[in-house]
Structures are given as structure tokens and as C-alpha cells.
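A single structure is presented below for examination.
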Amino acid sequence: MAEHRPCTARGETPLQRADRNFVELLQELRVTQTGVQILFAFLLSLAFTSRFTSLDTVQRVTYVITLLLAVLAAALFTAPAALHRSLFQQGAKPRIVQVSSRLATTGLIVLVFAFSGSVLLVVDVTTSRTGGIAAGAATFLVCVGLWGLLPRLVRRAGLRQETHGSPGPPEAPAEEPAPQGTVRIPAPLRGTIRPPSAVREGAAHREASARRR
């Protein structure tokens, strides 16, 4: 029964949290799979072009390694769907989410090298080997910075903000208890409502003015 009790800040049970996390993971995989599919299609078509026969040994090795990395990345990104299908309705959703998250992380690491190798190959064929190495290294650094370093910086900034915390609104001073027999008037209405004593004083003042007249 403990698995069905709310356990998060959103009031979710562990199963509800696992369902939400798996849906979010699938959305992430849809984005990455698009890039993998485009890269894989490009690498497959490259082998059937007329210029492919003019590649030297280094370029051919780079091509084969990059193609295999793209295939591995595609397999890692599609593995969560196969895992979910194999364990469907077996009460293993939290475990599926945990394993699928690791598969997606590994797929991103492999995809970094696949992107870098494809850029290296294209620039090497079109310009020079030095330019290809520089472009591949730059691609590697950009992917590592955006996919690895940026999330760490964002998380560190969030932890720093939670640690220091922005000061909350000042608390209103505690009101002294009113004497017995008096009527307490809320603070927001004190400027618009007179207390009974002030009303009686105003009435007496008006009666005295009327008598003098």
C-alpha cells in the first residue's frame, strides 16, 4: 500500500511519477532520434556516391567508425521502446525508467563522437585533413559544452539559489491583544472604519454643537 501514497512535491505516487518521467524521456528521445536518423541516412548514402571511391585509407576508416557509432546511437535511443514493450504490464515501470535514462545518456555520449566523426570526414574530403581535425574537435567541444557542461552549470546555479534563497516578505508585527470589551478592527480597515468609541465621541460633539446653536 505504501507505493500508492503521494511521495513527491506534486502529490504523485511512485507509479505516477514513473509514468510522467517515462513520457518526458520519450519526448527527449524523439528530438535526438531525428538527428540520428538524418546522420545515419547521410552516411549510408555517402557510400554510393561516385566520389567515395577516391577516399584514402584514413577517410575510409573514419567513415566506417562514424557509421558504426551512428548505428550504436540509434540502437541505444530505440532500446527504451523495446524495453517497455518487453516488460509491458509487469509492474516494472520505475525500473524501466531508470534503465532507459541510462541508455539515453549513453546514446548521447556515442552521438557526440558520431557527430564529430562525420564533420571530420566531410571537412577532410572537401578541404584538408588539418581543417577536418580542427572542425571535428570543435564539434566535439561544442557538443560536450552544450550537453554536458551547460546542465551542470544550470544545476549548480539552482543549488546556489536554493542555498542562499531570496529573502521573503517581511512579517507583520504581532498585534497586542485588545482590552476586554473592545471590538478588534482588522488592520486593512482601520483607516476606513471608526471604532465604537470614536463614533460615540463624534455623536456627542455634534449634539453639543447643536445645543450651542
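Which helices (runs of 4 or more DSSP H) does the stretch 39-154 wholly contain that include 3 or more residues that are in contact with a Gly (Cβ under 6 Å, 6 or more places away or on another chain)?
On the way: elements: 57-86, 93-126, 129-144.
Helices (runs of 4 or more DSSP H) meeting the threshold: 57-86, 93-126.
Please work out which residue is farthest from ILE65 (Cα to Cα), limiting yourself to the stretch 111-149 and to residues that are open to solvent by 80 Å² or more (accessible area, probe 1.4 Å) and not hydroxyl-bearing (Ser, Thr, Tyr).
Among those that are open to solvent by 80 Å² or more (accessible area, probe 1.4 Å) and not hydroxyl-bearing (Ser, Thr, Tyr), it is LEU149.
Sticking with this one: Under 9 Å between Cβ atoms, at least 6 apart or on separate chains: pull out the pairs that start in the stretch 16-40 with a residue that is over 13 Å from VAL97 (Cβ atoms) and end on any residue that is modelled with pLDDT of 90 or more and of a type in the set (Phe, Trp, Tyr).
Once the first residue is over 13 Å from VAL97 (Cβ atoms) and sits in the stretch 16-40, its partners that are modelled with pLDDT of 90 or more and of a type in the set (Phe, Trp, Tyr) give THR32/PHE77; GLN33/PHE77; GLY35/PHE115; VAL36/PHE77; LEU39/PHE115.
Still on this structure: Criterion first (modelled with pLDDT of 85 or more, of a type in the set (A, V, I, L, M, F, W, C), in contact with a Pro (Cβ under 8 Å, 6 or more places away or on another chain) and open to solvent by less than 70 Å² (accessible area, probe 1.4 Å)) does LEU55 satisfy it? Give the steps one after another, and end with the answer.
Details: modelled with pLDDT of 85 or more: yes; of a type in the set (A, V, I, L, M, F, W, C): yes; in contact with a Pro (Cβ under 8 Å, 6 or more places away or on another chain): no; open to solvent by less than 70 Å² (accessible area, probe 1.4 Å): yes.
In short, no.
The values are calculated or read from the model by the stated rules, or taken from the named source; none is laboratory data. As the structure is a computational prediction, the values presented were derived from the model and not from experiment. Here Cβ is always computed from backbone atoms with ideal geometry, including for glycine, and neighbour counts include all displayed protein chains. Ligands, DNA and RNA are excluded from the accessible area calculation, which covers all protein heavy atoms including side chains. Shrake-Rupley method; radii C 1.70, N 1.55, O 1.52, S 1.80 Å.
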